[in-house]
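Down below is the structure, laid out as structure tokens.
The values are calculated or read from the model by the stated rules, or taken from the named source; none is laboratory data. Bear in mind that the values here come from a model prediction, so they are computed numbers and not experimental data. Please note: Cβ atoms are built from the backbone with ideal geometry, for glycine as well, and neighbour counts cover all protein chains shown. Just so you know, the surface numbers come from the protein's heavy atoms only, side chains and all, with ligands and any DNA or RNA stripped out. Shrake-Rupley method; radii C 1.70, N 1.55, O 1.52, S 1.80 Å.
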Amino acid sequence: MTTTAEPAPGGFASGRESAELAHQWRRLTRVATGVAIVTSPVAFTWFHHHNGWNLGWSLLATAAVVIGFRGLVDVGFRRFIPWPSLFGTDDARLKDDDVVGRRRAWFWRWLLRLAAWPAAVITLIFLIRILQGQQADWLGAAGSIGHFAHKKITDPNIQGLWFQLPFFFLFNFLIFMGPMLFMGISQIRGFEPGDADWGVKLEHVRGQAEAKEEVRRVVSLWQSGEAFEKAGGKRERGLIFFGAPGTGKTMLAKAIATGFNSPFVSIPGSGFAQTFIGIDALIVRYLAFKAKRLARKWGGQCIVFIDEIDAVGMRRQSLGGAASMRVGSFHDHCFYGPNGALTASGDLVLESRAWRERIFAEREPSRTPNLFQRVSSIVNQAVPPGMFGGGGGQLALNQLLVVMDGIDNPPFWRRFWVNRTNSLLDAAFVVPRRVKDVSLRLPPPKPRKAEIYFIGATNVPLEALDPALRRPGRMGRHVWFRTPTKDDRKDIFELYLARVAHAPDLDRPERRDELSRITNGYSPAMVEQVCSMALTYAHHDGRIRFEWEDILEAMTTVESGTAIGIEYVPEETRAVAIHEAGHAAAAHVHMKGSESTRLSIRMRAGSLGHHMALEKEERFSSWRDEEAARLVWTLGAMAAENVFFGQNATGVGGDLESATARAAYMVGACGMAPARVDLASERLDDESEEEARARLMRRFEGIGNQLMSRTGGGGPFGHDTIASVLGDRHKRQLAAQILGQAYVDAYNLIRYNKDRVERIADTVIARKELYGDELVEVLNQAQLEIPEVDLLQEASWPTL
């Protein structure tokens, strides 16, 4: 996060003010060190001349006094002067000084607390000796404690109790539950500032502008929380990062920890899943203990990151049928291969928001169980249900909620002793509760200054998480990580192209825009891999920088595997080119909201060729005419084959399957119907307009029934929505009419523009693959037109 030049509103410390406070801290500590050194001769004189110690012991004692004085002064200063918050400050020296200062303050605070109990006991014995008329000697009081402790420890009866009982319980616990507990705790990783350098900054998280801005607001409240609370606000306790895998959730969490200069504790959600009941709750308690300890050590703040929080934070009641009733998108029915094609043959890809969400979800790595989880699974199968709890994880969720609510509670033992002391004073009757305005009771303990902030990351919808976890006060701020759009991919390319040697041509805005258009569905990791692979191709050819052709080859290799060097026979090459040109022509004319990004006849991943398109704008829904246009796009290849060859090849099977599913989806899930046919009544002979319209719709239906795929219950027809539509006579009739209308439109488009479609096919035969601007230019130069179709003319109807 960048340092602001002006003070932040509301009394919050800006980056410049924090840096100035850090500089003042540095000067103050140097002055304190100077004072300790200047006054050290006084201590040396006391030890050497007054007490008569030799030179070595005097120097050693003087050094101890100087160091102790310096530590006590640092602890005192830190108690009354606020810590500088260096979040957003890029000065490495200030951050190093801040780390050293916090470590020193933590050590001396710990040392003082360690010495407080012995000092209190010695003082009590010293006072008792004075009351008994004995000699007031501090060393004697300390010696009496040592004598008592030695007597109790050397007593044989006491020794048995001291050593047998604790070890008995400890060993039984460790033998029975120790391995499981240890393997669960081992997944908790704590990082202190300076322990790990992830090399991640906020500017490295690209393509998530809104998410980063939301996180900026929350972190600003974290670093200026006291001023915010004084103004009446309440700090957010936690964040939930949700979105598709590979969108940068974990990277942003690490960037927050790095920039915040605070300790960072991470654990996967699966780390809470345990076999034995209660172990998961112990792990949560240990997680909270570790986070609080690090927060106290490092100035009162710690970030806890729980990846895959859905493993522990799912709803405590079954979600069973709620999710299955969702209609979803068409990609729930037709989604094939690694590129998420609409057809089983893999030759049609349309990038949309729903497509990106689905393809990123498909890339999520399977959660392979580790050794501990496999052992837990075996135990769960062997042990009767309910005997040990079965590792359900609900105790972990309940305990996590309790821990999040208990962060602001005062320490238990401090509350215990204050309560008991005040109860004793009340029971004595002789000590009044108050004398004027002075209270004679111990004040109620205040919460520790430790602030624990929770960040959870998940790929599941928020509705699947327990409402108690995501409510305000816990993880009440939700940050959505969207799949990268075209503009987001341009931003990602800006980052990764700057790191590798490339031709100057790739720095032109036109090239960057073209790159972002043709990289459909790319994640940041894929963009980085493509840039690296393109450089590999260039170095293999003896070039130090890669060029446009290298990155194109890298993209296709990453997406579909290495191209197979197969030369089709000339007739088949032309047939494949006509097939793909039919798709491209139909998309270019009918799909006005989309843009073609790739046209290829090179065999990749089992597909003889493919056509890809991109929605120009981020959309969450579509109209009927847009769905119908995609239907024409799907059937454009079969129409082209019929126009050019008078018949179609077997390669249209995937197109027909996808077209059948889309028509059924339009009718059954979206309530859409065939387009109304408008007729010129003066051209009708002895037939009324309604009769003619019904006759034409029956003809559309006949064509649609012939096109409708009937390949069994597999593929998209295994889904309830599609199967139920095709099994309903009335719905099937409407779907067939929609399918027939789309094919008639595609047939007349190709028939009217036959010469222009052939030029597109000839170009792709010569080039094998067309991308981006080059493809759009070829389609624009073809000057394709939508013909006026007269359904009363027999030539307008295709012959199947």
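His502 meets the stated requirement of being open to solvent by 10 Å² or more (accessible area, probe 1.4 Å) and over 25 Å from the mean Cα position of the chain (by Cα).
Summed over the range 504-556, the residues that are in contact with a strand residue (DSSP E or B) (Cβ under 7 Å, 6 or more places away or on another chain) and at negative phi give a count of 11. Can you say whether Leu86 is at pLDDT below 75, within 30 Å of Gly259 (Cα to Cα) and among the aliphatic types (A, V, I, L, M), as far as the supplied structure shows? It is true that Leu86 is at pLDDT below 75, within 30 Å of Gly259 (Cα to Cα) and among the aliphatic types (A, V, I, L, M). Each residue in the range 16-45 was checked for being open to solvent by 50 Å² or more (accessible area, probe 1.4 Å) and among the aliphatic types (A, V, I, L, M), and 6 of them qualify. For the range 512-558, the candidate set comprises residues that are among the β-branched types (Val, Ile, Thr) and out of contact with any Ser or Thr (no Cβ under 9 Å at 6 or more places or on another chain); within that set, the residue that is most open to solvent (accessible area, probe 1.4 Å) is Ile544. For the range 311-324, the criterion of being closer than 17 Å to Ala457 by Cβ, touching a Gly at 6+ places or on another chain (Cβ under 8 Å), open to solvent by 10 Å² or more (accessible area, probe 1.4 Å) and at pLDDT 70 or above is met by at least one residue.
Kindly indicate the residue of the range 432-486 that is basic (Lys, Arg) and open to solvent by 80 Å² or more (accessible area, probe 1.4 Å) and also modelled with the highest pLDDT among those meeting that condition. Among those residues, the one meeting the criterion is Arg471.
So that you can scan it fast, the table gives a plain yes or no per residue for (1) acidic (Asp, Glu); (2) in contact with an Asp or Glu (Cβ under 9 Å, 6 or more places away or on another chain); (3) open to solvent by 10 Å² or more (accessible area, probe 1.4 Å):
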{"position": "His610", "(1), (2), (3)": "no, yes, yes"}
{"position": "Ala613", "(1), (2), (3)": "no, yes, no"}
{"position": "Asp625", "(1), (2), (3)": "yes, no, yes"}
{"position": "Arg630", "(1), (2), (3)": "no, no, yes"}
{"position": "Ala637", "(1), (2), (3)": "no, yes, no"}
{"position": "Phe645", "(1), (2), (3)": "no, no, yes"}
{"position": "Ala649", "(1), (2), (3)": "no, yes, yes"}
{"position": "Ser658", "(1), (2), (3)": "no, no, no"}
{"position": "Ala661", "(1), (2), (3)": "no, no, no"}
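You will find that of Arg759, Arg767, the residue that is more than 43 Å from the chain's Cα centre (by Cα) and modelled with pLDDT of 85 or more is Arg759 and no other. Pairs linking a residue in the range 201-212 that is assigned to a loop (DSSP other than H, G, I, E, B) to a residue that is open to solvent by 30 Å² or more (accessible area, probe 1.4 Å), with Cβ atoms under 8 Å and 6 or more positions apart or on different chains, are Lys201/Thr258; Val205/Lys212; Val205/Met251; Arg206/Asp491; Arg206/Glu494; Gly207/Asp491; Gln208/Arg482. A search for C-beta distances below 6 Å between a residue of the range 98-125 that is basic (Lys, Arg) and any residue that is surrounded by 12 or more Cβ atoms within 10 Å (Cβ to Cβ) and part of a helix (DSSP H, G or I), counting only pairs 6+ apart in sequence or on different chains, returns Arg104/Asp74; Arg109/Val75. The set of residues in the range 465-506 being of a type in the set (Asp, Glu) and within 13 Å of Arg545 (Cα to Cα) consists of Asp505 alone. Scanning the range 281-300 for residues that are open to solvent by 10 Å² or more (accessible area, probe 1.4 Å) and out of contact with any Lys or Arg (no Cβ under 9 Å at 6 or more places or on another chain) yields Ala281, Leu282, Arg285, Tyr286, Ala288, Phe289, Lys290, Arg293. Residue-level check: of (1) open to solvent by less than 20 Å² (accessible area, probe 1.4 Å); (2) modelled with pLDDT of 80 or more; (3) not β-branched (Val, Ile, Thr), Phe242 misses just (1). Any residue that is free of Cβ contacts under 8 Å to residues at least 60 places away in the same chain, of a type in the set (S, T, N, Q), surrounded by 14 or more Cβ atoms within 10 Å (Cβ to Cβ) and under 30 Å from Leu726 (Cβ atoms) - is there at least one of those in the range 758-780? There is no residue in the range 758-780 that is free of Cβ contacts under 8 Å to residues at least 60 places away in the same chain, of a type in the set (S, T, N, Q), surrounded by 14 or more Cβ atoms within 10 Å (Cβ to Cβ) and under 30 Å from Leu726 (Cβ atoms).
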